[in-house]
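Data block below; observations after.
The values are calculated or read from the model by the stated rules, or taken from the named source; none is laboratory data. Just so it is clear, the structure is predicted and the values come from calculations on it, not from any experiment. Reconstructed Cβ throughout: ideal geometry from the backbone, glycine too, with neighbour counts over all protein chains shown.
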Amino acid sequence: MNKIYRVIWNSTLGQWIVTSELGRGKTKGTTSKALSVIALTSFLISPSVSALTIDAGETVSVPETQSSPWETSNLIVGSTGSGTLLIEDEGKVISTGIAYIGQATGSIGVAEVSGTGSLWDNNKYLSIGHSGNGLLTVNGGGIVKSHSGYIGTYGTGVVEVSGAGSEWNNWYGKISSTY
């Protein structure tokens, strides 16, 4: 007869039970704790950075209707309808994803970055007139930055850069105005 045994707690039954010496009780869940920390961290970070579509005749003005700096992942101005983005008065928009102005066929997107200190910083590419109609206006010292830029990919795209200090910088080159 086996006289070696182990007593462990069974949380399902809510009582102590006797098992063989090979029986195991609850062990530390280091992996689950690490996953819990990762999940909590991503949950806390994610609400501040999200994708955004400005459409259905909507106009968003930074810093007027949105705080500055305003952070978003993908930013679409004019997805299937019309939308306008105004970045003025030292407003700053930071897009960590892809940005479209006039994304889908039949859409109209307008973005204007105006005034010294106003900035639209895209960490990926910026497409003006992707499949729809897009207009990007940079004036009065406003600056647009992007990894790369596309004008009229499958639609109609127009870019206007005017006024001293106004620029559209991207990895492959710069469009600027000196007057």
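Which of (1) in contact with a Phe, Trp or Tyr (Cβ under 7 Å, 6 or more places away or on another chain); (2) crowded, with 19+ Cβ neighbours inside 10 Å is the odd one out, the single condition SER148 does not satisfy?
Of the numbered conditions (1) in contact with a Phe, Trp or Tyr (Cβ under 7 Å, 6 or more places away or on another chain); (2) crowded, with 19+ Cβ neighbours inside 10 Å, the odd one out for SER148 is (2).
Anything in the stretch 76-117 that is within 16 Å of the chain's Cα centre (by Cα), under 19 Å from THR59 (Cβ atoms) and among the β-branched types (Val, Ile, Thr)? List them, or say none.
ILE76, VAL77, VAL93, ILE101
Tell me, yes or no, whether the stretch 135-150 has at least one residue that is at pLDDT below 95, part of a strand (DSSP E or B), within 26 Å of GLY81 (Cα to Cα) and among the aromatic types (Phe, Trp, Tyr).
yes
Which ones in the stretch 89-110 are part of a loop (DSSP other than H, G, I, E, B), at negative phi, crowded, with 18+ Cβ neighbours inside 10 Å and not β-branched (Val, Ile, Thr)?
Applying the first criterion (part of a loop (DSSP other than H, G, I, E, B)) to the stretch 89-110 yields 89-91, 96-98, 102-107.
From what is left, the residues that are at negative phi are 91, 96-98, 103-105, 107.
Next, only the ones that are crowded, with 18+ Cβ neighbours inside 10 Å stay: 91, 98, 103-104, 107.
Hits for the stretch 89-110 are GLY91, GLN103, ALA104, SER107.
Starting from residues that are in a loop (DSSP other than H, G, I, E, B) and surrounded by 15 or more Cβ atoms within 10 Å (Cβ to Cβ), keep the ones in the stretch 52-66 and report whichever is modelled with the highest pLDDT.
Let us first name the residues in the stretch 52-66 that are in a loop (DSSP other than H, G, I, E, B), namely 55-57, 63-66.
Restricting the remaining residues to those that are surrounded by 15 or more Cβ atoms within 10 Å (Cβ to Cβ) gives 55, 63, 66.
Working: ASP55: 91, PRO63: 87, GLN66: 82.
Ranking the candidates gives ASP55 first.
For the structure I just gave you, tell me whether TRP120 is among the aromatic types (Phe, Trp, Tyr), under 22 Å from the mean Cα position of the chain (by Cα) and at pLDDT 95 or above.
Numbers: among the aromatic types (Phe, Trp, Tyr): yes; under 22 Å from the mean Cα position of the chain (by Cα): yes; at pLDDT 95 or above: yes.
So TRP120 fits the description; yes.
Among the residues of the stretch 123-134 satisfying the criterion of being in a loop (DSSP other than H, G, I, E, B) and over 19 Å from the mean Cα position of the chain (by Cα), which is surrounded by the fewest Cβ atoms within 10 Å (Cβ to Cβ)? Steps first, please.
Looking only at the stretch 123-134, we keep the residues that are in a loop (DSSP other than H, G, I, E, B), and these are 123-124, 129-132.
Subsequent filtering for residues that are over 19 Å from the mean Cα position of the chain (by Cα) retains 129, 131-132.
Details: GLY129: 27, SER131: 18, GLY132: 25.
Among those residues, the one meeting the criterion is SER131.
Identify, please: which residue in the stretch 135-145 is in contact with a Ser or Thr (Cβ under 7 Å, 6 or more places away or on another chain) and surrounded by 24 or more Cβ atoms within 10 Å (Cβ to Cβ) and is, among those, farthest from ASP89 (Cα to Cα)?
Within the stretch 135-145, the match that is farthest from ASP89 (Cα to Cα) is VAL138.
Determine, yes or no, whether SER73 is surrounded by 16 or more Cβ atoms within 10 Å (Cβ to Cβ), farther than 23 Å from VAL161 by Cα and touching a strand residue (DSSP E or B) at 6+ places or on another chain (Cβ under 8 Å). Spell out how you get there, then give the answer.
Working: surrounded by 16 or more Cβ atoms within 10 Å (Cβ to Cβ): yes; farther than 23 Å from VAL161 by Cα: yes; touching a strand residue (DSSP E or B) at 6+ places or on another chain (Cβ under 8 Å): yes.
It is true that SER73 is surrounded by 16 or more Cβ atoms within 10 Å (Cβ to Cβ), farther than 23 Å from VAL161 by Cα and touching a strand residue (DSSP E or B) at 6+ places or on another chain (Cβ under 8 Å).
Return the residue satisfying two criteria in turn: it lies in the stretch 160-179 and is over 23 Å from the mean Cα position of the chain (by Cα) and at pLDDT 90 or above, and of such residues it is farthest from GLY117 (Cα to Cα).
Quick first cut of the stretch 160-179, residues over 23 Å from the mean Cα position of the chain (by Cα) only: 160-166, 173-179.
After this cut, where a residue has to be at pLDDT 90 or above as well, the list is 160-166.
Details: GLU160: 18, VAL161: 15, SER162: 15, GLY163: 13, ALA164: 12, GLY165: 10, SER166: 10 Å.
My answer is GLU160.
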